[in-house]
Amino acid sequence: MAEIAIIGSGSAGALAAWRLRQVLGGEARIAVFEREPQVGGRARHIQFAGELGELGGTLIHTDNRRLVELARDVAVELAERRVSVPAGDGSLLLWDGRAAVFKAPMDGVRLPLALIRRYGPLNLLKLRKLAVAAKSAWNSVYALQDAGRVFERPDDLIAAAGLEPYVKTSLAELAGQHGVKGQLIDQFATGVLRDMYNQTAAVIALAGLVGLAGAGLAGGKLVAAPQGNSTLLAKALAKAGAEVRLGSRVDGIGRRDGKPTVSTPDGESKAFDAVIVAAPLELAGIAVTGPDGPVKTDVGRRFQDVHTTVVAGAVRPSFFGAGAVPGDVLTTDSPAAEFKAFGQTGHSRALGVPIW
Ligand SMILES: Cc1cc2nc3c(=O)[nH]c(=O)nc-3n(C[C@H](O)[C@H](O)[C@H](O)COP(=O)(O)OP(=O)(O)OC[C@H]3O[C@@H](n4cnc5c(N)ncnc54)[C@H](O)[C@@H]3O)c2cc1C
């Protein structure tokens, strides 16, 4: 029986375990090493003021076919997350740290109309067309997976999925090449990308367009697991029958008798038939030795810390200028903007106040 190690129990590791079980049936033993005391990685929630609050991965786009399949498989009903008692006026505000850049009611009709009025119908159409094309190239990954295609390197997968045009240039450049003009990219698109990744339109076009598609520019809905998204991942691991080793940090991947080994700081080392690293290598602290010797794990990608602050209480309406408190706030890439995004995430029944 094949023995497979997965390092990391975030969405990548949990879905890898679940898929492997589907593909290999009972023919594999799957061990998941997780250095934290809980599963989920960057999908993590807390109980705050008596309510559930997501700190990381919050919304699942319905085009994320595997997560949607997984939810069905483990009987979790994904649902749109609605605030039971809205405290704001239901608008979306784009804020530069001092004043409103743009404000519109946040519904499926009035928001697009307001965007068309501000940025022009052609600009929006062109950006939407780009987001739809990137999304459909991205989604072709599922057909490749279903056909059992295997790729030696990420670049091979990118080529097979037709994603090359989106990885060679930034969102701002690609949008410019496709005739998107004016401030749609610098203002609205940047606000969305700051909210999602703390990035600007200088981000790689693939990430930018997937982000914009995720924000609704290319259809689909945003849903979540009612008990917290990490519970979905815990169920994936359980369904996979994986042996999950919590609090188990891996510090080395080596080779013994032609097989990869996984070692932990207590000096233990075990050979597997395959090892899947489902964690950012630069941050995982794993020394990797491949068949040809040490493998460089720091390929120069830069990471950033993201802080999520959860507060229960009232917001002073005058903070955002005149008028009521907005429902959601995006920010432009301005030094005056002290946060990247702000919004109501719930309502504390226990305290009778909104949660932001
Ligand atoms: C604030 C925030 C909001 C977000 N919102 C959304 C959203 O709304 N929608 C969305 O789709 N995405 C969102 N994301 C992104 C999403 O959360 C991540 O893309 C996803 O969770 C990453 O999963 P992963 O498995 O690749 O990595 P991770 O979740 O980081 O998992 C890696 C795991 O590996 C473990 N690990 C690392 N090193 C070792 C080691 N040496 N030994 C053992 N274990 C190790 C870590 O502890 C971790 O559990 C958000 C992210 C953040 C931070």
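Values quoted throughout were computed directly from the atomic coordinates according to the rules given, and no laboratory measurement underlies them. No experiment lies behind these values; they were computed from the predicted model shown. Don't worry about glycine lacking a Cβ; one is built from the backbone with ideal geometry, like all the others, and counts go over all protein chains shown.
Structure notes:
- Remark: spin-label model distance Arg19-Val150 equals 1.4 nm, labels positioned 7 Å along the Cα→Cβ axis.
- Per-residue packing, averaged as other Cβ atoms within 10 Å, sorts the ranges 298-304, 214-220 into the order 214-220, 298-304, beginning with the highest.
- Over all distinct Cα-Cα pairs of the range 51-181, the Kirkwood formula returns a hydrodynamic radius of 18.5 Å.
- Signed unit charges on C-beta, dipole axis of the chain, positive-most listed residue Thr297, Val83, Val310: Val83
- Once exposed loop GluC sites (Glu not before Pro) are cut out (DSSP; at most 16 other Cβ, 10 Å), longest piece of the chain: 153-267
- When the trypsin sites (Lys or Arg not before Pro) in the range 1-59 are filtered for DSSP coil states and for at most 14 other beta-carbon atoms within 10 Å of their beta-carbon, the remaining sites are Arg42.
- The range 219-330: antiparallel DSSP beta bridges as a percent of all, rounded to 5: 85
- Convex hull per residue volume in Å³, alpha carbons only, for the range 185-249: 154
- Only Cα pairs under 8 Å and 6+ residues apart enter the sum, and on that basis the relative contact order of the range 166-262 stands at 21 percent.
- Among Ala5, Leu93, Val288 - extreme Cα towards positive end, dipole of the chain, charges at beta-carbon: Leu93
- Label point distance in nm, Asp273-Arg72, each placed 7 Å from Cα along Cα→Cβ: 2.9
- Taking the C-alpha atoms only, the angle from helix 121-146 to the longest principal axis of the chain is near 20 degrees.
- Calculated [θ] (222 nm, deg cm²/dmol) that DSSP helices of n ≥ 4 give over the chain, each run adding -39,500 (n - 2.57): -9000 deg cm²/dmol
- Charge tally in the Cβ shell below 11 Å around Val325, where Lys, Arg are +1 and Asp, Glu are -1, Val325 excluded: -1
- Computing Rg and the Kirkwood Rh from the Cα coordinates of the range 75-131 gives a ratio, Rg/Rh, of 1.08.
- Residues Trp138, Trp18, arranged from fewest to most other Cβ atoms within 10 angstrom of their Cβ, appear as Trp138, Trp18.
- Environment charge at Ile286 (Cβ cut-off 13 Å; Lys +1, Arg +1, Asp -1, Glu -1): 0
- Rounded to 5, the percent of DSSP beta bridges in the chain classed as antiparallel: 60
- Neighbour counts of C-beta atoms inside 10 Å place Leu157, Leu163, Leu246, Leu209 in the sequence Leu246, Leu157, Leu163, Leu209, starting with the fewest.
- A simple count of charges around Ala225, restricted to other residues whose Cβ falls under 11 Å of its Cβ and scoring Lys, Arg +1 and Asp, Glu -1, yields 0.
- The range 120-217, relative contact order [Cα under 8 Å, separation at least 6], %: 38
- Modelled FRET efficiency - R0 22 Å, Asp186 with Leu283, Cβ distances, 0.05 increments: 0.10
- Between the beta carbons of Val299 and Ser263, assuming R0 = 35 Å, the FRET efficiency works out to 0.95 to the nearest 0.05.
- Rg/Rg_ref, the chain, where Rg_ref = 2.2 N^0.38 Å and atoms are Cα: 1.08
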